[in-house]
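Structure first, commentary second.
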Amino acid sequence: MERDFFCIADNPENYHECFMRGLKKRNPNEKEFHQACDEIAKSILPFLFDNPKYLEEKVLERITEPDRIISFKVNWEDDNGNIRTNRGYRVQFNNSIGPYKGGLRFHPSVNQSILKFLGFEQIFKNSLTSLPIGGAKGGSDFNPKGRSDREIMRFCQAFMIGLHRHIGEDVDVPAGDIGVGSREISYLFGQYKKLENKFTGALTGKSIEYGGSPVRTEATGYGLIYFTKNILEHRSEGLKDKACLVSGAGNVAQYATKKLIANDAKVLTMSDSRGTLYCENGFTGDLLDKVIKIKSDGGSLSEIDDSTVEYLEGKKPWAIAADYAFPCATQNEIELEDVKELIGNNCKGVFEGANMPVVTEGIDLLQEKKILYAPGKAANAGGVAISAIEMSQNNVGLSWTRERVDTKLQEIMKSIHDSCVEYGSDGDFVDYQKGANIAGFKKVADAMISFGI
Ligand code: NDP
Ligand code: 2IT
């Protein structure tokens, strides 16, 4: 087994093949985790061969093994008095450059493979922010859809009974992700505070009145558009009048759409798990408000009553002709056929608000055709970056103004852009995938090596 895993190979391609064989053997049936590791390995191995100390120190093999995976039972009672059992997880992947940090996802699709891929990606994303945060992810297969507010509260409280002993402001600091927003963070924090009898910043995404940061709610979506603007400005282009496809209608999609509208882009779509809302003339602020209202009431986009839109039942946005695509819903939501359609319609860029929204073959095709591709670990890092700014405010007991946080967010997204340019440039062409992966990897790898084994 060990021989399979530790590769002896004389070039990046052989090493990649051998490495993935070992990884799949050690982590069977975890296809999303394989996908995330495969993407990173392929992209950074040429750099590792140019800098053999990383190969000698077996950093790739070590960084793809989580420090620990915690799984726990969550028993809770629904409104009818039925006892329900779900599974909770926390994957603490790597704390070489700071405490474990990453969101919690509540969605019926959650399993160990999905949380491992998310925790793994988070290591590189958090490193790119240049802030002292390690990588983690957690969540549950609990389905919040259709649940009452009291049921959500009881689930969050039961979940925290399993989680609280594993987290803390200098140990592991969870936040939100799919299905976990400010309401859930408040219930989780309230329970943490009771169980631990202390008030510390052990979670981020908190409400302002009890230690949250201004702009954290908006940060992922806003950061995505700041990063997109950095990329376009680097090429002397801009967003004005550009037709944009946004998928998703949750936290990230809402604030990405808001910022695109503010930059005079024409947002043609938003979507949810049931279908796509298409507005030929471009979303207005009023239409976006209707989307926010319906989604916060737990409704579907099909219920939007507006003469300017068409609802495309069961459809994703990717067949509509546009300049740029912003996937902001979930992993693998852009399949190879979707990429072909985007390219056929002359789409010039894909900017990832979601984590790993494009399948591997789709990324490869975008890269081959030299279409702009901004990977999530760079493009959506604004959320966790402002989480780290929230931690820093909690540590010193002070709060920043909105303006100061927003300026900091813009500076961080610019510095991530500059790191991608530093490590991903080939002449005039910037490979943002390569740049983000190498820049994110290098800092964590150097820290790991300095600690010894
Ligand atoms: P939300 O729960 O607020 O919204 C998720 C949206 O995606 C909803 O519109 C949902 O539709 C849709 N969606 C979820 N799962 C699926 C699916 N399997 N198929 C189709 N549509 C789906 O989550 P966020 O906006 O916070 O997260 C969106 C993405 O951004 C995720 O990939 C997350 O990991 C990533 N991300 C989030 C960050 C954050 O700070 N929140 C930070 C960085 C990345 P419906 O309403 O019908 O369920
Ligand atoms: O994917 C992500 O970066 C998040 N869900 C945010 C994590 C965080 O700790 O703010």
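Key figures for this structure:
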read-out	value
Filtered residues of the stretch 189-216 (kept if of a type in the set (D, E, K, R), surrounded by 15 or more Cβ atoms within 10 Å (Cβ to Cβ) and not in a helix (DSSP H, G or I))	K206
Test for V358: is it under 28 Å from V405 (Cα atoms), more than 15 Å from ligand 2 (Cβ to nearest atom) and of a type in the set (A, V, I, L, M, F, W, C)	no
Tally, over the stretch 288-320, of residues that are touching a strand residue (DSSP E or B) at 6+ places or on another chain (Cβ under 7 Å) and either within 16 Å of ligand 2 (Cβ to nearest atom) or not polar (S, T, N, Q) (or both)	14
Scope the stretch 328-378; condition hydroxyl-bearing (S, T, Y) and in contact with a helix residue (DSSP H, G or I) (Cβ under 9 Å, 6 or more places away or on another chain); matching residues	T360, Y373
One residue from G424, G440, G397, G435 being more than 30 Å from I208 (Cβ to Cβ), at pLDDT 95 or above and surrounded by fewer than 24 Cβ atoms within 10 Å (Cβ to Cβ)	G424
Flag if R21 is within 28 Å of N143 (Cα to Cα) and among the charged types (D, E, K, R)	no
Unique residue being at positive phi and in contact (Cβ under 8 Å) with a residue 40 or more places away in the chain when the list is G248, G282	G248
Residue tally, condition within 15 Å of ligand 2 (Cβ to nearest atom) and touching a strand residue (DSSP E or B) at 6+ places or on another chain (Cβ under 6 Å), over the stretch 121-149	11
Helices (runs of 4 or more DSSP H) (entirely within the stretch 374-445) containing at least 1 residues that are away from ligand 2 (no atom under 16 Å from the Cβ)	382-396, 402-424
Test for A354: is it at pLDDT 95 or above and away from ligand 1 (no atom under 12 Å from the Cβ)	no
Search result, residues across the stretch 425-453 that are farther than 24 Å from E61 by Cβ and in contact (Cβ under 8 Å) with a residue 12 or more places away in the chain	F429, V430, D431, Y432
Within the stretch 368-394, tally of residues that are in contact with a strand residue (DSSP E or B) (Cβ under 6 Å, 6 or more places away or on another chain), surrounded by fewer than 22 Cβ atoms within 10 Å (Cβ to Cβ) and among the polar types (S, T, N, Q)	0
Of residues in the stretch 66-111 being surrounded by fewer than 19 Cβ atoms within 10 Å (Cβ to Cβ) and within 16 Å of ligand 1 (Cβ to nearest atom), the one nearest to N126 (Cα to Cα)	N111
Meets criteria (farther than 21 Å from S109 by Cα, out of contact with any Asp or Glu (no Cβ under 7 Å at 6 or more places or on another chain) and within 15 Å of ligand 1 (Cβ to nearest atom)) for V180	no
Qualifying residue in the stretch 227-237 (condition: within 29 Å of P174 (Cβ to Cβ) and within 16 Å of ligand 2 (Cβ to nearest atom))	yes
In the stretch 348-358, the residues that are surrounded by 24 or more Cβ atoms within 10 Å (Cβ to Cβ) and part of a loop (DSSP other than H, G, I, E, B)	E352, G353, A354, N355, M356, P357
Filter result (surrounded by 15 or more Cβ atoms within 10 Å (Cβ to Cβ), under 21 Å from K240 (Cα atoms) and not aliphatic (A, V, I, L, M)) within the stretch 275-307	Y278, C279, G282, F283
The listed residue being over 16 Å from A325 (Cα atoms) and at pLDDT 95 or above, out of S213, S247	S213
Of all residues in the stretch 119-146 being among the basic types (K, R) and touching a residue at least 60 places away in the same chain (Cβ under 8 Å), the one that is nearest to S109 (Cα to Cα)	K145
Verdict on L60 being buried (at least 21 other Cβ atoms within 10 Å of the Cβ) and assigned to a helix (DSSP H, G or I)	yes
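The values are calculated or read from the model by the stated rules, or taken from the named source; none is laboratory data. Small disclaimer: the values here were computed from a predicted structure and weren't measured. Glycine gets a Cβ as well: all are built from the backbone with ideal geometry, and neighbour counts include every protein chain shown.
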